[in-house]
Each structure stands twice: as structure tokens, then as C-alpha cells.
Amino acid sequence: RHQQQQNGPLAGKSVLVTAGPTHEPLDPVRYLANRSSGKQGYAIAAALADLGATVTLVSGPTTLRAPADVTYVACETACQMLECVKSAAPFDAAVCTAAVADWRPEVQAGQKIKKISRDDVPAPIRLVANPDILAEISAPGPQRPALVVGFAAETEKVEAHATAKRQRKGCDWIVANDVSAGTGIMGGDRNQVVLITAQGSERWPHMPKEEVAQRLASRMADWFTET
Ligand code: CTP
Ligand code: CA
């Protein structure tokens, strides 16, 4: 396997993968989070390593085991995820699959917020914006990876929203999927995605998340070969 990796089409390339949710603490025992199993991101990290890439997987909390042959960096919040990404930069390519919480509680209570009586509710939670990790990675500059891939989990108008997102974030490709209730994609083992590039969009068949990962990794390898 190692021999195969050393001769793989991504040998010598460093690739960042972000994965999982982030947890944004309210107090020591409670947090805000997105739904994310991390399965698609971990599969992508493994597929890139199989093609010989030097992979750094920066992951929020999941129940998954880190794939073999990747550098695994665990984090909890969006701010920590950004710090971990910056510390490990630069990269030749980045794939941002993490379901980063868009906002975090403005204040994190140092002690558990107590329910004094049965009907007691706490004061409204004020939220502040989290950093946008994909947008920061995509920003022009000497450290920008040559190829930046974002994900877009949408519940409606998948292609339109994802095409707009590609522009807004400044990334090169977007992998979009429909995560609305009933598709079984969220938390499931299969995925159905649309790859959006500057050239247009391409609908991939419904397939296991491992196959989506292999197909994306080989597309990335082709891109480096052609460039
Ligand atoms: N992303 C990120 N940091 C954030 C928010 C999102 O890196 N703070 C990345 C995700 O990893 C994904 C892409 O941006 O690759 C799109 O995330 P998404 O939540 O779909 O986009 P948003 O711009 O946050 O738009 P919205 O949640 O309103 O759909
Ligand atoms: Ca978001």
C-alpha cells in the first residue's frame, strides 16, 4: 500500500481536509452544533492519502476513527478549527467538508447555567458570527492553495444556491448535495452530489460516500496533472 501511495498521482502534494461539526459552548455542559457525522470528509481524507497525498485532517468532534496515513488534528470550535488550519498551512489543495457553526454564543458561561425553578428559562442567547474558514482559505494571497474545494449542503434549489456559494466564497469547486429530510444523506452511508466548477455543473450518481470520495480525489489528481 505504501509503495502504491509513494507512486500515486498526488505524491508530493499536501492537502487539507476539514471535517465534522464544530461545537460552540454555551456553558461547560451545553453547546450549539450542526448535524454532521464526518463520514464524507473522513472518506475524502482517506481517498486522497490513497493517491499519495500528504493529508492533514482537521476535525471537529465525531465518533469516527481517524483514517490511517493522515495527520489528524482534533478541534472543537470554529475559532479553534481556523487556528489549527493556520498552524498547519500552507497546502497545495484544501477540501472543506466541515459543517462549521455559523455563529457562537457571545458569552460562554464559566459555570453551568442553572435552572432555578421548573418554569425558569435563561435570558435569550446572543450570537456572534464565526470566522468563515473556507472563505479565508480561498482569499487571494501567497498562501492560497492552488485548488480549493468547498461543500454546500442545501435543502432546496441545490444548484442555484451552490453556484452562488462558489462565487461568494471564492473557492474553485463546490460539491453540492441535497440534505433535505427523506434523502437519507445526512448521517447516512451514501451521497448524491453535484460538482460545480467554473465550467459548469455535473451531476454524479447516487453512490457510497467512499465512492464519492474516490471520484473527487481522482478528479483533483487529474486537475494537478493537467495544470
Ligand atoms: N464553511 C467554513 N466556515 C464557516 C462556514 C462554512 O469553512 N464558518 C465552509 C464549509 O466547510 C463548506 C462551505 O463553507 O465547505 C459552505 O458551507 P455552508 O454552511 O453551506 O455555507 P454558508 O456560507 O455558511 O451558507 P449557509 O449556511 O447560509 O447555507
Ligand atoms: Ca453555514
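Give the residue, chosen from Thr63, Thr71, that is among the β-branched types (Val, Ile, Thr), in contact with a helix residue (DSSP H, G or I) (Cβ under 9 Å, 6 or more places away or on another chain) and farther than 26 Å from Arg166 by Cβ.
Details: Thr63 fails: in contact with a helix residue (DSSP H, G or I) (Cβ under 9 Å, 6 or more places away or on another chain).
Checking each option against the conditions leaves just Thr71.
What number of residues within the range 143-178 are β-branched (Val, Ile, Thr) and surrounded by fewer than 21 Cβ atoms within 10 Å (Cβ to Cβ)?
Narrowing the range 143-178 to residues β-branched (Val, Ile, Thr): 148-149, 155, 158, 163, 174-175.
Applying the additional criterion that residues be surrounded by fewer than 21 Cβ atoms within 10 Å (Cβ to Cβ) yields 155, 163.
Selection size over the range 143-178: 2.
Name the single residue that is farthest from the chain's Cα centre (by Cα) among those in the range 187-227 being in a loop (DSSP other than H, G, I, E, B) and surrounded by fewer than 16 Cβ atoms within 10 Å (Cβ to Cβ).
Going through the range 187-227, the residues in a loop (DSSP other than H, G, I, E, B) turn out to be 187-189, 192, 198-199, 204-206, 227.
Still in the running and surrounded by fewer than 16 Cβ atoms within 10 Å (Cβ to Cβ): 187-189, 198-199, 205-206, 227.
Details: Gly187: 14, Gly188: 16, Asp189: 17, Ala198: 20, Gln199: 23, Pro205: 21, His206: 20, Thr227: 24 Å.
Per the criteria, the residue is Thr227.
What pairs come up if the first residue lies in the range 155-177 and is without any contact (Cβ under 8 Å) to a residue 40 or more places away in the chain, the second is outside any helix (DSSP H, G or I) and aromatic (Phe, Trp, Tyr), and their beta carbons are under 8 Å apart, counting only those six or more places apart or on different chains?
Partner pairs satisfying both residue conditions: Arg166/Trp173; Ile174/Phe151; Ala176/Phe151; Asn177/Phe151.
Checking the structure you have, find out if any residue of the range 163-178 is out of contact with any strand residue (DSSP E or B) (no Cβ under 9 Å at 6 or more places or on another chain) and outside any helix (DSSP H, G or I).
Checking the range 163-178: not a single residue is out of contact with any strand residue (DSSP E or B) (no Cβ under 9 Å at 6 or more places or on another chain) and outside any helix (DSSP H, G or I).
Cβ-Cβ distance below 6 Å, separation of 6 or more or different chains: which pairs start in the range 79-103 with a residue that is within 13 Å of Ala33 (Cα to Cα) and modelled with pLDDT of 95 or more and end on one that is among the hydroxyl-bearing types (Ser, Thr, Tyr) and surrounded by 21 or more Cβ atoms within 10 Å (Cβ to Cβ)?
Ala98/Thr18; Ala99/Ser36; Val100/Thr22; Ala101/Thr22
The values are calculated or read from the model by the stated rules, or taken from the named source; none is laboratory data. Keep in mind the model is a prediction, meaning the values are calculated, not measured. Ideal geometry is used to build each Cβ from the backbone, glycine not excepted, and the neighbour counts take in all protein chains shown.
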